[in-house]
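Encoded as structure tokens, the structure appears first; notes follow it.
The values are calculated or read from the model by the stated rules, or taken from the named source; none is laboratory data. Keep in mind that what you see is a predicted model, and the values were worked out from it rather than measured. In this analysis, Cβ positions are derived from the backbone assuming ideal geometry, glycine residues included, and neighbour counts consider all displayed protein chains.
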Amino acid sequence: MLPKFEYYSPTSLSEALDLLEKYGEDAKIIAGGTDLLVSMRDRILKPKCLIDIKKIPELRRIEYKEGVGLTIGAAVTFKDILEYPNLEKKYRVLWEAVKTIGDMILRNRATLVGNICNASPAADSAPALLILDARARIINKNDGVREVPLERFFIGVKKTILKPTEIVKEVFVPEPPANCYGKYVKVMRVQSEDLAVVGVAGLAYRDRGDLIIRLAYSSVAPTPIRVKEVEEVFKKKNMSLDEKIEEAVKISSEKVSPISDVRGSAEYRLNLVKVATRRLIKELVEVV
Ligand SMILES: Cc1cc2nc3c(=O)[nH]c(=O)nc-3n(C[C@H](O)[C@H](O)[C@H](O)COP(=O)(O)OP(=O)(O)OC[C@H]3O[C@@H](n4cnc5c(N)ncnc54)[C@H](O)[C@@H]3O)c2cc1C
């Protein structure tokens, strides 16, 4: 049984913002509800009021503009993303990550914006969004829209920079670098539907011949993290590729801070980070 709450289903963004302003911390936005309703059932959250954003037409927008980027509205589901034309080619790493999330029934309901707003360390869409330089477009009633790089959006386990009166309107993912290749590796306890024991997203491309590698992780730190120091390693001139890969593995394993839980011990996770990072970089390098 869920605790009692008032339910609103606004049909415009301004109506939703008015409701948020009125109820403040007593209100919660609901999109797919696949995280929120579980937390309410378990009495972790007890909002007095739910504001359902699914009927707001401008939040259902998913649009790719050549040379500009991809906009994913707050009510866009994972299914919408997987079905959007050419996304698998253009944003392969994001598409792959979305494909690993839950099952078909879940993907029919759950949203990408809900995935980042929930701010679980295990959020599968986050590593891909981080290495693609995605930005959250946040709106409140008084200040209009502000844009925040995803790297600054997550501040702790299930914590974001969002204020109670704010809504993430959409996520913007810029045009990826030309001829890049991206991949998401999700290690699970079983090859079925599960949260990641470790997730790692990688993106590789060449900039005037120089190899560029970006890496980000889920399930190994309080927030999903991009390890930018790795990017510097591949810019170095006086190291062989093998040495750079080993240096990248070392840096990544030092930057993560996994915990032990039902899905695996901290030690096991750390080993997985090393193995998955090494394999992923080798695969990326072979392609670009
Ligand atoms: C069976 C099951 C399997 C799952 N498997 C996976 C998995 O493999 N990988 C994974 O990453 N996750 C998984 N999840 C978690 C969940 O499905 C995802 O995090 C999902 O993307 C959440 O989206 P939602 O639209 O359902 O969010 P909701 O539950 O509606 O919202 C989540 C949180 O974000 C807030 N919120 C939502 N939208 C906004 C907005 N626009 N502005 C401000 N705040 C907002 C809500 O208030 C709430 O606090 C699973 C969940 C279940 C129940």
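Annotations for the structure displayed:
- Here R263 meets each of (1) buried (at least 22 other Cβ atoms within 10 Å of the Cβ); (2) touching a residue at least 40 places away in the same chain (Cβ under 8 Å); (3) not β-branched (V, I, T) with one exception, condition (1).
- Within region 104-119, the set of residues being part of a loop (DSSP other than H, G, I, E, B) and more than 6 Å from the ligand (Cβ to nearest atom) comprises A119 only.
- Unique match (being touching a Pro at 6+ places or on another chain (Cβ under 9 Å) and not hydrophobic (A, V, I, L, M, F, W, C)) among K46, K4, K54: K46
- Summed over region 1-34, the residues that are of a type in the set (F, W, Y) and in a loop (DSSP other than H, G, I, E, B) give a count of 1.
- Flag for K55 being at pLDDT 95 or above, farther than 13 Å from V173 by Cα and not in a helix (DSSP H, G or I): yes
- Flag: D52 matches the condition of being over 19 Å from the mean Cα position of the chain (by Cα) and closer than 15 Å to T34 by Cβ.
- For E147: the one exception among (1) outside any strand (DSSP E or B); (2) surrounded by fewer than 16 Cβ atoms within 10 Å (Cβ to Cβ): (1)
- V190 passes every criterion in (1) touching a strand residue (DSSP E or B) at 6+ places or on another chain (Cβ under 6 Å); (2) more than 30 Å from F234 (Cβ to Cβ) apart from (1).
- Some residue of region 244-254 being buried (at least 22 other Cβ atoms within 10 Å of the Cβ) and closer than 22 Å to D133 by Cβ: yes
- When region 166-195 is filtered for residues that are modelled with pLDDT under 95 and more than 23 Å from V285 (Cβ to Cβ), the ones remaining, listed by number, are M188, R189, V190, Q191, S192, E193, D194, L195.
- Within the option set I101, I72, being outside any helix (DSSP H, G or I), touching a helix residue (DSSP H, G or I) at 6+ places or on another chain (Cβ under 7 Å) and more than 17 Å from A136 (Cα to Cα) holds for one residue only, I101.
- Scanning region 189-200 for residues that are in contact with a helix residue (DSSP H, G or I) (Cβ under 8 Å, 6 or more places away or on another chain) and outside any strand (DSSP E or B) returns E193, V197.
- Residue satisfying all of: in region 30-51; touching a residue at least 24 places away in the same chain (Cβ under 8 Å) and more than 9 Å from the ligand (Cβ to nearest atom); surrounded by the most Cβ atoms within 10 Å (Cβ to Cβ) among these: M40
- Single residue of E166, E96 found to be touching a residue at least 60 places away in the same chain (Cβ under 8 Å) and either in contact with a helix residue (DSSP H, G or I) (Cβ under 7 Å, 6 or more places away or on another chain) or more than 11 Å from the ligand (Cβ to nearest atom) (or both): E96
- Filter pass, I225 being within 26 Å of K90 (Cβ to Cβ), more than 16 Å from the ligand (Cβ to nearest atom) and either crowded, with 21+ Cβ neighbours inside 10 Å or within 14 Å of the chain's Cα centre (by Cα) (or both): no
- Residue check, L130 touching a Lys or Arg at 6+ places or on another chain (Cβ under 8 Å), at pLDDT 95 or above and buried (at least 17 other Cβ atoms within 10 Å of the Cβ): yes
- K158 being within 26 Å of T277 (Cα to Cα) and without any contact (Cβ under 8 Å) to a residue 60 or more places away in the chain: yes
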